[in-house]
1. At a Cα cut-off below 20 Å, give the lysines reachable from K109, other chains included and same-chain residues fewer than 8 away excluded.
2. Find the eigenvalues of the gyration tensor of the Cα atoms of the stretch 1-78, then list the square roots of 5 times those eigenvalues as equivalent ellipsoid semi-axes, largest first, in whole angstrom.
3. Could you give me the ³J(HN,Hα) list for the stretch 67-84, computed from phi with Karplus coefficients 6.51, -1.76, 1.60 and θ = phi - 60°, whole Hz, x at Gly and Pro?
4. For the pair D201 and A111, how long in nm is the line joining their label points, each one 7 Å along Cα→Cβ?
5. Taking R0 as 35 Å, what's the FRET efficiency between E164 and R50 from their Cβ-Cβ distance, rounded to 0.05?
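None of the figures in this text is laboratory data; all of them are computed from the coordinates on show. All values derive from a computational prediction rather than experimental measurement. Positions of Cβ are generated from backbone atoms using ideal geometry, with glycine treated the same way; all protein chains shown enter the neighbour counts.
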Amino acid sequence: MTAPIRVLVCDDQVLIRTGLATIIDAQPDLQVVGECGDGQAAVDLAGRLRPDVVVMDVRMPVLDGIEATRLLAGAGVPRPVKVLVVTTFNLDEYVYEALRAGASGFLLKDAPPAQLLHGIRTVATGAALLDPEVTRQLVGRYAARIRPNEATRQDVSLTPRELEVLRLIADGRSNSEIAGTLLISQETVKTFVSRILTKLDLRDRVQAVVYAYRQGLVT
């Protein structure tokens, strides 16, 4: 029997935290190994419990979810933990900052329970979870701030086709949508995505979206 996915729930509102934990723990393949109400406690508990996924609120006392995510999953962290940000605030600027800090994705707190459970399972596999439409809105809203000056733009070693795929990823397109746009198979799209992530030393599609906008590759 496969071991359950171990989850740490961090939210400063007790009712929400308890509700999330109850929903998660009711699943045979998921197990809540800890709960806490602030970011520093999440960092401390994650260090001791080594959960597979941390479900993280953004606005919390002591240490907010962004800084906690950076400490758990940011660049240079020797043993990063996968973080799924769950927030009340749609398109809150903190969501973008959380993704930059290393989060594997985010959901809104009013998402259906099935979507939360799917999100945890998706992030646990190492994949990213970022709704395509939310991606379009998020990067569209913050593109001016995300996009760098010409002086900070880096050269990229991508082929024209890989750049095309990267731009479509940054537009929030799924593999099937990219395949339809470029008239190629989904398996070919997966190959391109894998090459892009490897060449640019990126962890997942979320980082690819942020990279594309920061490098001015999309507008």
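1. K82
2. Working: eigenvalues 83, 53, 14 Å².
Largest first, the stretch 1-78 gives 20, 16, 8 Å.
3. 5, 4, 4, 4, 6, 8, 9, x, 4, x, 5, x, 10, x, 10, 6, 10, 10
4. 3.0
5. Values: r = 39 Å, r/R0 = 1.13.
FRET efficiency, E164 to R50: 0.35.
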